[in-house]
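The values are calculated or read from the model by the stated rules, or taken from the named source; none is laboratory data. Bear in mind that the values here come from a model prediction, so they are computed numbers and not experimental data. For neighbour counting, all protein chains shown are included, and Cβ atoms are generated from backbone atoms with ideal geometry for every residue, glycine included. Note: accessible area is taken over every heavy atom of the protein model, side chains too, but ligands, DNA and RNA are not part of it. Shrake-Rupley method; radii C 1.70, N 1.55, O 1.52, S 1.80 Å.
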Amino acid sequence: MNTTVTQEPGTGEDSARAEISIEQKETEGLSQGQIVRRRFFRHRGALIAMIVLAFIVILAFTSVGINLWGLRITGWWPYSWDQIAPKVNNGVPTLSLVPFQIGEHPFGQDEVGRDIFAVVMRGAQQSLMVMVIAGVVATTIGVVIGAFAGYYRSRTDSILMRFTDIVITIPLIVIGAVLGNAFGSLGAAVLGVVIGLFAWTTMARLVRGEFLTLREREFVDAARVSGARDRRIIFRHILPNSIGVIVVNATLLMAGAILLESALSYLGFGVQSPDTSLGKIVSDNQAAFSTRPWLFWWPGLFIIAIALCVNFIGDGLRDAFDPRQKKKPSERAMARSGRAGGPVAPILDTTEPKERATVTVAGEAVYASEDVVNYHDPRPDRPGDPTNEPLNPER
């Protein structure tokens, strides 16, 4: 009896098949936007960062209210950022974790009696405003310049890229210091525009690279053949396919903008008095570093928290827009997918072997198998006699 066992496929092949099956089941019937949203919310770091950033924004704009271009809305915190109050507890923070209590001045007071919590919230407002405005302005300029340079190429590309190279050679901190000293007194919004006008170079180079690749794709040729204008091809066909690179680098621009604003304000070239920002709070209280260190803790903590949150969100967006980033399924999910796909069972061959064929040569039986013919030629070897030439098995 012939017994043959067919083994199951290799473990690596099974794992790859199970991962593909799980990925297809999870994205079945979903649009590209839904797939990106699902991947983003699976990124724990980005999700926590988004919650923390939202909390900081809500806390900053609701606590001390809004005072922007003559529009003033009061908040729920009893003290204003420019209000001088009698000192409590000699200006030491009243916030305590054990036992937990907030107190009247949780972040403490400065030398003149201003509530540091209100001052930090106002500084966070201004820094966030600079971050958002600078990010929007820089992203807009970078996308437009990079799109036209990458799509039209030739002379247009040369002119725009040489202009970009000139802007890159000038240190951004020097430009910000010169322009911030001139326009910082006009408010955080104007300072954000000034920073954005010179922070677009990296975005322009990245968008140009994407357009150089996408303009050779089939859907662009189809749109061009159908009679679509260049402006429609750029903004309706190519630009949506570059949104991943644009969104990710926009978040990085915003993180860099808030750090640049803090540095400029610390050096005295950013937001000017009587307004304030997180960097200016640190600069105003640097003389009290050894006696009142809490004046540095809170603005520095908010600067780090905002910058880290924006960076983590950008990291999550990068993973969400990148189709090569896949979540490795758990062992339980892999096993469940394998059972659903139907693993290959061993095959047992129990068929009876067939009787071997026989060939009669010179009156004797010769048994032949499937692969080779085993026989003995009983005829004598007579060289030169063609009739008695030994039998050739291949023939």
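Tell me the Kirkwood radius of region 132-185: reciprocal of the mean inverse pair distance over distinct alpha-carbon atoms, in Å.
12.7
Report the full-extension gain for the segment E216 to D322: residue separation times 0.36 nm, less the Cα-Cα distance, to one decimal in nm.
Working it through step by step, the gained length comes to 36.1 nm.
Scan around R114 for amide H atoms under 5 Å from its own, H built in the peptide plane at 1.01 Å from N, and keep only partners 5 or more places away or cross-chain.
Amide H neighbours of R114: A85.
Starting at the first residue of region 145-161, write each ³J(HN,Hα) from the Karplus equation 6.51 cos²θ - 1.76 cosθ + 1.60 with θ = phi - 60°, in whole Hz, x for Gly and Pro.
5, x, 5, 5, 5, x, 7, 7, 6, 6, 5, 4, 4, 4, 5, 5, 6
Kindly report, to the nearest 10 Å², the accessible surface of E216 as traced by a 1.4 Å probe over protein heavy atoms only.
100
Given a 1.4 Å probe, how much area per residue of region 209-253 is accessible, in Å²?
59
Apply 1/(1 + (r/R0)^6) to the Cβ-Cβ distance of R231 and Q286, taking R0 = 45 Å, and write down the FRET efficiency to the nearest 0.05.
Given R0 = 45 Å and the Cβ-Cβ separation, E is 0.30.
With the convex hull built on the Cα atoms of region 95-172, state its orientation-averaged projected area in nm².
Average projection, Cα convex hull of region 95-172: 9.0 nm².
Please identify every one of the chymotrypsin sites (Phe, Trp or Tyr not before Pro) in region 101-207 that sits in a loop by DSSP and has no more than 15 other beta carbons within 10 Å of its own beta carbon.
For chymotrypsin sites (Phe, Trp or Tyr not before Pro) across region 101-207 that sit outside H, G, I, E and B with at most 15 neighbouring Cβ atoms in 10 Å, the list is empty.
Using +1 on the beta carbon of Lys and Arg, -1 on that of Asp and Glu, and nothing else charged, what's the dipole of region 151-247 about the Cα centre, debye to 20?
For region 151-247, the charge dipole is close to 280 debye.
Loop-only trypsin sites (Lys or Arg not before Pro) in region 148-221, please: DSSP not H, G, I, E or B, and at most 15 other Cβ atoms within 10 Å.
For trypsin sites (Lys or Arg not before Pro) across region 148-221 that sit outside H, G, I, E and B with at most 15 neighbouring Cβ atoms in 10 Å, the list reads R153, R217.
Please sort by residue number the chymotrypsin sites (Phe, Trp or Tyr not before Pro) in region 287-319 whose DSSP state is loop and whose Cβ has at most 11 other Cβ atoms within 10 Å.
Within region 287-319, the qualifying chymotrypsin sites (Phe, Trp or Tyr not before Pro) (loop, at most 11 other Cβ atoms within 10 Å) are F289.
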